[in-house]
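The values are calculated or read from the model by the stated rules, or taken from the named source; none is laboratory data. Computed from a predicted structure; not experimentally measured. Here the Cβ positions follow ideal geometry from the backbone for every residue, glycine too, while neighbour counts run over all protein chains shown. Note: areas computed on protein heavy atoms with side chains; ligands, DNA, RNA excluded. Shrake-Rupley method; radii C 1.70, N 1.55, O 1.52, S 1.80 Å.
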Amino acid sequence: MTHTLVFALAGLLLFQQSRPPVKPSFNVVEASIGDMQTALKEGRVTSREIVQQYLTRIALYEDKLNAVITVNPRALEEADALDRERAQGRLRGPLHGIPLALKDNIHTTDMPTTGGALAFDGLVPPYEATLTKNLREAGAIIIAKTNLTELANWVATGMPANYNGLVGHGFNPYDPRRDQREATADGRPALFTGGSSSGAGTAANFWAGNVGTETSGSILSPSNQNMLVGIKPTVGRISRYGVIPITADQDTPGPMTKTVADAAIMLGVLEGKAADPNDAATSRCTPVGDYSPHLKRNGLQGARIGIPRAFFYNKITLPGEKQPRGGLDAAQEKVMAEAIAILKLQGAIIVDPVEIPSIVATDPQENFLLWSTCSGYDNAKGKDAACSIVFKYGMKRDFNKWLASLGAAAPVKTLTELRQWNITHQRAGALKYGQALLDISDEMNVETDAARYRADREKDLRLSATNGLDAAMKKYQLDALLFPGPSSAGIAAKPGYPTVI
């Protein structure tokens with residue numbers, strides 16, 4: 001019996017050795033783009049297998065998160081094609097075979113682009129966004145279009161972030177429960193999702209990264225809430241052609257990922273290789289191409305980083321007001337103190353405090369914090385002297401241009417028609433939170449209100465840049481300013497300045 005058993009075991013070992021080697025398993029959960037590319041290069045996984053894993057995760061968890069508006073029905077076919085190209089030695093670029101998602105206000109011609117609006121349900125634009133082309137040319141697979149606040153959050157005051165009339169509320173994967181408090185029990189998430197660019201799917205490993213868009217905070221806020229790296233680039237670094245607009249003065253797409261390296265890879269691809277003739281702003285930015293060489297562990301050595309204490313860290317009482325505004329609570333102060341200490345350990349020179357002149361200005365007319373964006377019926381025509389009309393004017397100007405670019409595909413031809421369509425379809429859920437922002441935009445007359453717009457735009461730039469960030473950077477000879485969380489969104493967005501979170 002003993003000899004027979006030994007012989008049988010030996011035969012089993014010989015049989016096992018004759019089998020082809022088993023491929024080590026690869027799991028997409030928390031995998032970076034670099035991890036995937038290494039595994040693809042080594043033959044440990046195929047693009048098809050990566051896509052299939054992501055599709056399985058979407059199928060398992062999407063009903064909890066509502067992070068997706070559309071899944072690409074051809075994602076596996078595209079993965080197969082890219083696998084064949086890889087096998088033939090042809091690699092398109094750093095995203096070859098990598099699944100990514102786009103905010104659903106970015107044009108794709110093989111999937112609808114809805115902006116989350118009922119009126120645009122099923123709309124397939126007649127042209128792709130420039131950034132979509134750039135991603136595909138670099139080998140990316142657009143696996144899905146993400147949820148968003150309807151029309152990037154320029155529809156209604158009081159509309160919760162990541163809600164739209166087409167598919168409802170999106171949820172945060174770190175706590176995907178509904179809010180049950182009486183005052184806010186309208187179906188919204190218990191944990192804020194942030195902004196209007198869904199980072200939920202990236203955080204939940206539905207895809208490797210996603211492209212968000214920002215006019216003021218919609219990359220930074222959801223990245224903050226979903227524990228992601230977000231880059232809000234300089235306006236013009238990435239083309240806005242084929243992106244549903246709010247205002248061209250501030251709109252920009254940008255990457256949202258799980259790692260800094262992934263964000264750098266996506267940024268280089270998104271910006272393209274040359275200026276886009278369809279977006280004049282891109283002519284002001286020279287493409288870098290590959291940002292990866294700038295990912296240096298000692299990159300903070302000698303960097304001068306300013307700490308803007310007033311309002312952003314510490315409470316401040318504004319001219320004419322009695323109650324202080326802003327500041328951090330004790331827990332937030334502790335976190336920021338730890339962050340600053342780490343920057344020092346990494347070799348940064350911390351300049352603390354830094355004063356931003358327009359934040360501490362004693363003249364109410366020159367104080368950035370007292371110059372808000374016109375929003376809601378309280379800032380309708382005739383009530384908008386003390387706020388900037390740039391958003392509401394820009395929406396009328398640029399949204400109507402976008403509708404015209406759709407040609408026969410456009411379900412409505414003007415902002416006025418969209419508002420009327422929403423009223424007609426109110427019972428279908430088009431106006432759960434109203435449309436105050438669309439209404440005050442449609443009041444604008446692009447010709448007769450142009451002078452007021454130009455004056456407000458000039459004031460926006462003076463308070464945010466000239467007497468704001470520019471003045472502070474110059475006075476203290478800074479390389480960067482460190483703001484808590486996404487709190488810099490408003491002041492950096494107006495001049496179109498870049499922010500990394």
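Brief remarks on what is shown
- Index of the failed condition, residue 391 passing every other in (1) crowded, with 19+ Cβ neighbours inside 10 Å; (2) not aliphatic (A, V, I, L, M); (3) not in a helix (DSSP H, G or I): (3)
- Conditions (1) out of contact with any Pro (no Cβ under 7 Å at 6 or more places or on another chain); (2) of a type outside the set (S, T, N, Q); (3) surrounded by 14 or more Cβ atoms within 10 Å (Cβ to Cβ); number of the one not met by residue 461: (1)
- Filter result for the condition that a residue is surrounded by fewer than 18 Cβ atoms within 10 Å (Cβ to Cβ) and charged (D, E, K, R), over 475, 494: 475
- In region 58-69, the residues that are open to solvent by less than 30 Å² (accessible area, probe 1.4 Å) and either free of Cβ contacts under 8 Å to residues at least 40 places away in the same chain or β-branched (Val, Ile, Thr) (or both): 58, 68
- Qualifying residue in region 75-84 (condition: part of a loop (DSSP other than H, G, I, E, B), more than 30 Å from residue 419 (Cα to Cα), free of Cβ contacts under 8 Å to residues at least 24 places away in the same chain and out of contact with any helix residue (DSSP H, G or I) (no Cβ under 7 Å at 6 or more places or on another chain)): no
- Of the residues making up region 192-203, just one is modelled with pLDDT of 95 or more and surrounded by fewer than 24 Cβ atoms within 10 Å (Cβ to Cβ), namely 203.
- Residues that are among the aliphatic types (A, V, I, L, M) and assigned to a loop (DSSP other than H, G, I, E, B), drawn from region 142-186: 155, 156, 159, 161, 166, 167, 185
- Among the residues of region 205-234, those identified as more than 18 Å from residue 149 (Cα to Cα), assigned to a loop (DSSP other than H, G, I, E, B) and open to solvent by 10 Å² or more (accessible area, probe 1.4 Å) are 227, 228, 234.
- Only listed residue being free of Cβ contacts under 8 Å to residues at least 24 places away in the same chain, open to solvent by less than 10 Å² (accessible area, probe 1.4 Å), part of a helix (DSSP H, G or I) and within 18 Å of residue 244 (Cβ to Cβ), chosen from 403, 418, 438: 403
- Residue 370 vs. criteria without any contact (Cβ under 8 Å) to a residue 60 or more places away in the chain, on the phi < 0 side of the Ramachandran plot and open to solvent by less than 20 Å² (accessible area, probe 1.4 Å): no
- The residue that is least open to solvent (accessible area, probe 1.4 Å), counting only those in region 33-47 that are of a type in the set (Ser, Thr, Tyr) and without any contact (Cβ under 8 Å) to a residue 60 or more places away in the chain, is 46.
- Which listed residue is farther than 27 Å from residue 192 by Cβ, among the β-branched types (Val, Ile, Thr) and under 24 Å from the mean Cα position of the chain (by Cα), from 124, 45, 71, 28: 124
- Of all residue pairs spaced 6 or more apart or on separate chains, none has beta-carbon atoms under 8 Å together with a first member in region 172-192 that is touching a residue at least 40 places away in the same chain (Cβ under 8 Å) and closer than 17 Å to residue 433 by Cα and a second member that is loosely packed, with under 13 Cβ neighbours inside 10 Å and of a type in the set (A, V, I, L, M).
- Selection within region 364-386 - over 14 Å from residue 459 (Cα atoms) and in a loop (DSSP other than H, G, I, E, B): 375, 376, 380, 381, 382, 383, 384
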